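One structure below.
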Amino acid sequence: MAKPASRFLRGVRILPPPVRKGVKSADLIDRRFLAYNAGRLREGARLLAEKILRPGVTVGLSLSGALTPAGLGVSCVIPLIKAGFVDWIVSTGANLYHDAHFGLGMRMHAGSPFLDDRILREEGVVRIYDILFDYRVLLDTDAFFRRVLDAEEFQAEMGTAEFHYRLGRYVAEREKALRLGEVSVLSAAHRHGVPVYTSSPGDSSIGMNVAAMRLFGRGARIDVSADVNETAAIVYAAKKNRGKSAVWIFGGGSPKNFMLQTEPQLQEVLGIADKGHDYFLQITDARPDTGGLSGATPSEAVSWGKVDPDRLPDSVVCYLDSTIAMPLLTAYVLDRAKKRRHSRLYDRRGEFLAFLAAGVRRRDLTERKKAGK
């Protein structure tokens, strides 16, 4: 009698069909991405299409690295928003600042990383690795933001979700006036009610312009505590309403931590029992052994309460450049997953905060009863 095959030999046989002319990207991933980081990308793509993008899962997208100037906001993030695949976003301010260039009709150009930056400086050209643009793009974008920030609606204290939502309306108006189509993430998020947070509001040219306005007592006053509570409330509402929470991370850094810290905020700080996010997908080029947050694994996140230990099999890390992974994953889910109804979480922030506050009060009442007070 033949010895039964080991359980470790139940994976797909590695015997892919030849790549032929006209093959669809989703088929390429499913049938030819079988090992190494291609294999992890296939696992991540299937995790998205089969679990994360199902109804009842609240999907948070985090963006770090210069993704929007490379055109990924236009080509990927906006289609994902339109399909209902993104419920809330945490981004670096730089990504949102450079996103505005597109909505204002300004030009970015493909170039080379091997140029003399002294000459570029003399000719008024700014370089982001191999992306080139006129220095006046910065000056004109800054001028736009300062004009907008001088509007009466910005003379108040607000969190970054409200701040970006209001900015998005102005960018959308310019987008429409210039007949550009849908090219700005800020504009798309405004239209579809997707709250957009920045974990470090002062760390970008948007924050620099906010600071310049505050020097003369004008413009928005950013309430970072509102962001911490709102994001925690989004996750709390998702879990308590019998749903699940997923994090989809491009890069790492502060946006990754800000998105993941929602669970320690609930468990550690507010004392609300929970087990962590249900689904975790990260695209990163950071190694875990250097101790940086960008490379920290979902297994390590379990020790902080950020990821549900029972859901580790639903966690995938792919060590790959985001500019390669994002278009492939976007194409895959648009082909393999059904569009979802827009959750418009921006419109429900107040409701979620009240729900979270009620949860904290219930916990306090329970603790007092146990203590006999």
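Taking (1) assigned to a helix (DSSP H, G or I); (2) touching a Leu at 6+ places or on another chain (Cβ under 6 Å) in turn, V316 satisfies each apart from (1). Looking at region 215-237, is at least one residue closer than 27 Å to R107 by Cβ and in contact with a helix residue (DSSP H, G or I) (Cβ under 9 Å, 6 or more places away or on another chain)? The answer is no; no qualifying residue exists.
So that you can scan it fast, the table gives a plain yes or no per residue for (1) crowded, with 23+ Cβ neighbours inside 10 Å; (2) touching a helix residue (DSSP H, G or I) at 6+ places or on another chain (Cβ under 9 Å); (3) of a type in the set (G, A, S):
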site	(1), (2), (3)
A161	yes, yes, yes
S187	yes, yes, yes
R191	no, yes, no
P195	yes, yes, no
I206	yes, yes, no
M213	no, yes, no
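Of the helices (runs of 4 or more DSSP H) lying entirely inside region 222-308, those containing at least 2 residues that are in contact (Cβ under 8 Å) with a residue 24 or more places away in the chain and closer than 20 Å to L96 by Cβ are 224-240, 253-260. With the condition kept exactly as written, say whether any residue in region 346-362 is in contact with a Pro (Cβ under 6 Å, 6 or more places away or on another chain) and in a helix (DSSP H, G or I). There is at least one residue in region 346-362 that is in contact with a Pro (Cβ under 6 Å, 6 or more places away or on another chain) and in a helix (DSSP H, G or I). Does A246 satisfy being open to solvent by less than 10 Å² (accessible area, probe 1.4 Å), closer than 20 Å to F144 by Cα and touching a helix residue (DSSP H, G or I) at 6+ places or on another chain (Cβ under 8 Å)? Answer is no for this residue. Return the only residue of I89, I14 being open to solvent by 40 Å² or more (accessible area, probe 1.4 Å) and in contact (Cβ under 8 Å) with a residue 12 or more places away in the chain. Step by step, each of I89, I14 is checked, and only I14 is open to solvent by 40 Å² or more (accessible area, probe 1.4 Å) and in contact (Cβ under 8 Å) with a residue 12 or more places away in the chain. Would you call V148 closer than 30 Å to D116 by Cβ, modelled with pLDDT of 95 or more and surrounded by 16 or more Cβ atoms within 10 Å (Cβ to Cβ)? When the stated conditions are applied, V148 does not pass them. Residues that are touching a residue at least 40 places away in the same chain (Cβ under 8 Å), buried (at least 21 other Cβ atoms within 10 Å of the Cβ), under 22 Å from A188 (Cβ atoms) and in contact with a strand residue (DSSP E or B) (Cβ under 9 Å, 6 or more places away or on another chain) are absent from region 124-135 altogether. So, of the residues in region 320-363 that are charged (D, E, K, R) and exposed (fewer than 11 other Cβ atoms within 10 Å of the Cβ), which turns out to be farthest from A226 (Cα to Cα)? Here the residue is R341.
Exactly one residue out of A233, A189, A211 is over 17 Å from D87 (Cβ atoms) and at pLDDT 95 or above: that is A211.
Taken together, the criteria place G56 among residues that are closer than 20 Å to I249 by Cα and in contact (Cβ under 8 Å) with a residue 40 or more places away in the chain.
The rows are residues; the columns are (1) open to solvent by 80 Å² or more (accessible area, probe 1.4 Å); (2) in contact with a Lys or Arg (Cβ under 8 Å, 6 or more places away or on another chain).
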| residue | (1), (2) |
| --- | --- |
| F8 | yes, no |
| R31 | yes, no |
| L34 | no, yes |
| T58 | no, yes |
| S62 | no, yes |
| A70 | no, no |
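For D142, the conditions (1) more than 20 Å from V74 (Cα to Cα); (2) open to solvent by 40 Å² or more (accessible area, probe 1.4 Å); (3) in contact (Cβ under 8 Å) with a residue 24 or more places away in the chain; (4) charged (D, E, K, R) are fulfilled apart from (2). Pick out, from region 36-127, the helices (runs of 4 or more DSSP H) lying fully within it that include 2 or more residues that are more than 19 Å from the chain's Cα centre (by Cα) and hydrophobic (A, V, I, L, M, F, W, C). Answer list for region 36-127: 117-122.
Checking the stated criteria, L312 turns out to be under 23 Å from V57 (Cα atoms), at pLDDT below 95 and surrounded by fewer than 17 Cβ atoms within 10 Å (Cβ to Cβ).
The values are calculated or read from the model by the stated rules, or taken from the named source; none is laboratory data. What you see is a predicted model; the values in this text were computed from it and never measured. Counting neighbours? That spans all protein chains shown, and the Cβs are built from the backbone with ideal geometry, glycine included. These accessible areas exclude ligands, DNA and RNA; they are computed on the full protein's heavy atoms, side chains included. Shrake-Rupley method; radii C 1.70, N 1.55, O 1.52, S 1.80 Å.
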